[in-house]
Amino acid sequence: MKLLLAALIAASSFAGVSQAEVIASGSNGFRLRTVQQVAAAPETVFKAVGEIGRWWSDAHTYSGKAANMTMPLAPNACFCENLPGGGVRHGIVELVIPNRQVRVSAALGPLQDEGVSAALFFGLVPKDGGTELTVTYNVGGAREAMVVAAPVIDGVISQAARRLKTYIESGKP
C-alpha cells in the first residue's frame, strides 16, 4: 500500500501537473473538478475530447505513448489503449450528448486494481465566445489509501484537462 501511494506521489511530479480542486472526500471516495475556459466552440471541444490519443499525457499510459489510446464518442465505445500483444480498457463511454457532455465509466491507472466505481465527466457550456470545459472525476468504493491519494489523482486529471485545452487552442498538448 505504501509503495502504491509513493508511485502516485511520484506520478504527480511530472512537469505541468498541478491540482485544481478536490471538491468532496469521504471515507470511501472522492470527487475532483477542474474548469478550463477554452477559446473554441463547443463543437470543436467535443470533437477533441474523442481525440484522446492526441492530448493525453504519455506519462499516464501503460504503453508510454498516448497515441495508442482511443475513445470514440459513442455509447458503449471503449476508452482503450493498445499494447504489444494486448491492451487496456481504461473505460467505457456511458453518455454522449454531442457538444454538451461525455461521461466515461473509468477506474483509471491504479484504481483499476481497487475494484472502485469511477466516472470521468466532460461538460461543455458555451461561454464568453468559447467553451467552459468542466472535467469531474468521481470515485466510489475506494480504500483509505486511495482516498488519501485524491490530491495526486486530481493532479493527473487536472493535467489532462489543461492538455486538452492546449491541444484545442494550439494543435499540440
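The values are calculated or read from the model by the stated rules, or taken from the named source; none is laboratory data. Keep in mind that this is a model prediction, so the values were computed, not measured. Note that we place each Cβ from the backbone using ideal geometry, even for glycine, and neighbour counts take in every protein chain shown.
Somewhere in segment 122-129, is a residue surrounded by 20 or more Cβ atoms within 10 Å (Cβ to Cβ) and closer than 19 Å to Q37 by Cβ?
Filtering segment 122-129 for residues surrounded by 20 or more Cβ atoms within 10 Å (Cβ to Cβ) gives 122, 124.
Subset that is closer than 19 Å to Q37 by Cβ: 122, 124.
Within segment 122-129, one or more residues are surrounded by 20 or more Cβ atoms within 10 Å (Cβ to Cβ) and closer than 19 Å to Q37 by Cβ.
Condition first: over 14 Å from L108 (Cα atoms) and among the hydroxyl-bearing types (S, T, Y). Now tell me which residues in segment 33-62 satisfy that. Residues satisfying the conditions are T34, T44.
Counting only residues that are farther than 20 Å from A119 by Cβ and at pLDDT below 95, give me the helices (runs of 4 or more DSSP H) lying completely in segment 1-63 with at least 1 of them. Lay out the reasoning, then the answer.
Working: elements: 2-11, 42-49, 52-55.
Helices (runs of 4 or more DSSP H) meeting the threshold: 2-11.
Would you check which residues across segment 93-143 are modelled with pLDDT under 95 and more than 21 Å from A24 (Cβ to Cβ) and list them? Correct list: Q112, D113.
Considering only segment 136-152, I want to know if a residue exists there that is buried (at least 23 other Cβ atoms within 10 Å of the Cβ) and among the polar types (S, T, N, Q). No, segment 136-152 has no match at all.
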